[in-house]
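Novice: Let me begin by handing over the structure; questions about it come next.
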Amino acid sequence: MARYGMVIDTRKCVGCMDCVVACETENSVPNGYARDWIKTELRGEFPNLSMEIRSERCNHCDNPPCVSCCPTGASHVSGPGGIVKVTANRCIGCKACLSACPYGARFVNPSGYADKCTFCDHRVKEGKDPACVSVCPTHCMFFGDLDDPKSTVSQLLTSRKWHTLLPEAGTRPRVFYLT
Ligand code: SF4
Ligand code: SF4
Ligand code: SF4
């Protein structure tokens, strides 16, 4: 069984938003909503400050509170790869998952169901990279199997320093940021 994850090199990200546009196009994201977004943050301590630019999305957490809180089972972990998904026709739009996600990764689609990044599983099934990964002009995003020690994502995580978002939340995110 694979365990999919994403590794993003913040040293290469220029904040161009190509990943955001690619996601909107690929996934017909409704106007005014986003499955991914760019965040800039000052990191470090004076005088060793740096500006980190990050492409953020659902972290497809290993311990996802959005799944455990869902009263209908609409939010679920889907195999292979353990992608966290929503079955639209089982979702009652109660927003429990929106409150449970510490990352603000979800929104209610105008059609009434909880929506978010799917790791582009429809592309991954065809052996392609997610849309955001495939368009990045600086090639700062990588997608693959975290359980395969030979995968690019695994090798980057053993050779570079990285962090995840809000590790203290205990969700065990599977999107990693190289620093
Ligand atoms: Fe759920 Fe939020 Fe984690 Fe995505 S980032 S799996 S929506 S808790
Ligand atoms: Fe589940 Fe939908 Fe409620 Fe989210 S909004 S907790 S997916 S029923
Ligand atoms: Fe959007 Fe797909 Fe990238 Fe997720 S993996 S942010 S759904 S393009």
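Novice: Amide H of F119 versus every other amide H placed in the peptide plane: which residues, excluding those fewer than 5 positions away on the same chain, fall under 5 Å?
Specialist: none
Novice: Answer rounded, prolate or oblate for the range 1-54, using the Cα gyration tensor with square roots of eigenvalues a ≥ b ≥ c: rounded when a/c is under 1.5, else prolate when a/b is larger than b/c, else oblate.
Specialist: oblate
Novice: Apply the Karplus curve 6.51 cos²θ - 1.76 cosθ + 1.60, θ = phi - 60°, to the phi angles in the range 173-179 and return the couplings in whole Hz, x for Gly and Pro.
Specialist: Coupling constants for the range 173-179: x, 10, 10, 10, 10, 6, 10 Hz.
Novice: With r as the distance between the Cβ atoms of M51 and A88 and R0 = 35 Å, compute the FRET efficiency 1/(1 + (r/R0)^6) and round to 0.05.
Specialist: 0.40
Novice: HN-Hα J couplings of the range 106-122 from phi, Karplus 6.51/-1.76/1.60, θ = phi - 60°, integer Hz, Gly and Pro as x?
Specialist: In residue order, the calculated couplings are 10, 9, 8, 4, x, 7, x, 10, 6, 10, 4, 4, 10, 6, 6, 4, 5 Hz.
Novice: Roughly speaking, what is the stretch gain from V21 to T179, that is 0.36 nm per residue apart minus the C-alpha to C-alpha distance, in nm to one decimal?
Specialist: 54.5 nm
Novice: Need one word for the range 45-145: rounded, prolate or oblate. Basis is the Cα gyration tensor (sqrt eigenvalues a ≥ b ≥ c); a/c below 1.5 gives rounded, then a/b vs b/c decides.
Specialist: It is oblate, given that a/c is not under 1.5 and a/b is not larger than b/c.
Novice: Then there is this: For the range 1-47 and the range 116-173, what is the separation of their Cα centres, given in Å?
Specialist: 11
Novice: Give, in nm to one decimal, the length gained when the segment between E41 and S68 is fully stretched (0.36 nm per residue of separation minus the Cα-Cα distance).
Specialist: 6.7 nm
Novice: Of the listed peptides 42-53, 2-13, 91-102, what is their order by residue-averaged count of other C-beta atoms within 10 Å, with the highest listed first?
Specialist: Highest to lowest by the protection proxy: 2-13, 91-102, 42-53.
Novice: Placing +1 at every Lys and Arg Cβ and -1 at every Asp and Glu Cβ, with all other atoms neutral, what dipole size does the chain have around its Cα centre, in debye to the nearest 20?
Specialist: For this selection, approximately 180 debye.
Novice: Taking amide H atoms as placed 1.01 Å from N in the peptide plane, list the residues 5 or more away in sequence, or in a different chain, whose amide H sits under 5 Å from that of M6.
Specialist: V175, F176
All of the numbers you see were taken from the coordinates with simple rules; none came from a lab. From a predicted model like this one, the values you see are computed outputs, not experimental measurements. As a convention, Cβ positions derive from the backbone with ideal geometry for all residues, glycine included, and neighbour counts pool all protein chains shown.
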